[in-house]
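The values are calculated or read from the model by the stated rules, or taken from the named source; none is laboratory data. Keep in mind the model is a prediction, meaning the values are calculated, not measured. Neighbour counts run over all protein chains shown; Cβ positions are idealised from the backbone, glycine included.
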Amino acid sequence: MNNSVTNTVRLLGAGLRALLVLTLVTGVIYPLVVTGIAQGLFHDKANGSEIKADGKVVGSSLIGQQGYSLKYFQPRPANGLGTNSVNTQYKLILSGATNLAADNKDLVKQVEEAKAKVVEDNSVPGYTVSPAQVPADAVTSSGSGLDPAISPEYADLQVHRVAAKNGLSVAAVEKLVKDHTEGRTLGFMGEPRVNVLELNIALKDLAAKQ
């Protein structure tokens, strides 16, 4: 009987010691080491890839924003975003795709309406946009609906309208787009792209100097 109690106490003690050691290693030391490495080597990414303007955080370079006026470059549509019905306190953005087939009537209608709007919005005196010029990313949302970038073709399409709305020269706005065009990752992955938030911040600064 005494041996049984002694063994039980010994096993419980060993289990508790193992729990404390593993809690310390996996719950304290490991997170601190990983966090320290992330902050030291990848500080910007570890903190959400924040973008600041006028000393304030205005967004993330990884998340697209909607609601820009026509003075600014427009992002991709975000038709796939759902509505938040659970946490009504914070109005969270829910990401997602439309999940509609390519021949779905609703999707076809959305694309046709979006194309007509792109043509209308970007046709200004001296520059008329044709439907054939409208790239796919101007009328379709990404898989998440939160794509922060647009194609250089879509950015170029908006140059004349943005220049006219801000009283800037077309050449100045074209240079702005060129300066903010990123190439393929490592030279071969993905496609060239333009971050809309970063481009619009630069546009605002340029317009303020005029």
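Examine segment 141-158 for a residue that is among the β-branched types (Val, Ile, Thr), assigned to a loop (DSSP other than H, G, I, E, B), closer than 18 Å to ASN79 by Cβ and under 25 Å from the mean Cα position of the chain (by Cα), and state whether such a residue exists. Within segment 141-158, none of the residues are among the β-branched types (Val, Ile, Thr), assigned to a loop (DSSP other than H, G, I, E, B), closer than 18 Å to ASN79 by Cβ and under 25 Å from the mean Cα position of the chain (by Cα). Within segment 163-205, take every residue that is part of a loop (DSSP other than H, G, I, E, B) and touching a Leu at 6+ places or on another chain (Cβ under 7 Å) and give me the one that is nearest to ASP121 (Cα to Cα). Filtering first and then ranking leaves LEU168. Inspect all residues belonging to segment 28-49 and state whether any of them is surrounded by fewer than 11 Cβ atoms within 10 Å (Cβ to Cβ), part of a loop (DSSP other than H, G, I, E, B) and touching a helix residue (DSSP H, G or I) at 6+ places or on another chain (Cβ under 9 Å). No, every residue in segment 28-49 fails to be surrounded by fewer than 11 Cβ atoms within 10 Å (Cβ to Cβ), part of a loop (DSSP other than H, G, I, E, B) and touching a helix residue (DSSP H, G or I) at 6+ places or on another chain (Cβ under 9 Å). So which residues in segment 123-140 are in a loop (DSSP other than H, G, I, E, B), over 22 Å from the mean Cα position of the chain (by Cα) and among the polar types (S, T, N, Q)? Across segment 123-140, the qualifying residues are SER123, THR128, SER130.
Remark: pairs (first residue in segment 181-210, over 23 Å from LYS52 (Cα atoms); second residue assigned to a helix (DSSP H, G or I); Cβ separation under 7 Å; 6+ apart in sequence or on different chains) = PRO192/PRO152.
Just checking, which of VAL118, VAL108 is surrounded by fewer than 14 Cβ atoms within 10 Å (Cβ to Cβ) and not charged (D, E, K, R)? Step by step, each of VAL118, VAL108 is checked, and only VAL108 is surrounded by fewer than 14 Cβ atoms within 10 Å (Cβ to Cβ) and not charged (D, E, K, R).
Take TYR127 and tell me if it is of a type in the set (Phe, Trp, Tyr), in the same structural domain as GLY167 (by TED's automatic domain parsing), in contact with a His (Cβ under 8 Å, 6 or more places away or on another chain) and at pLDDT 90 or above. Spelling it out, TYR127 is indeed of a type in the set (Phe, Trp, Tyr), in the same structural domain as GLY167 (by TED's automatic domain parsing), in contact with a His (Cβ under 8 Å, 6 or more places away or on another chain) and at pLDDT 90 or above.
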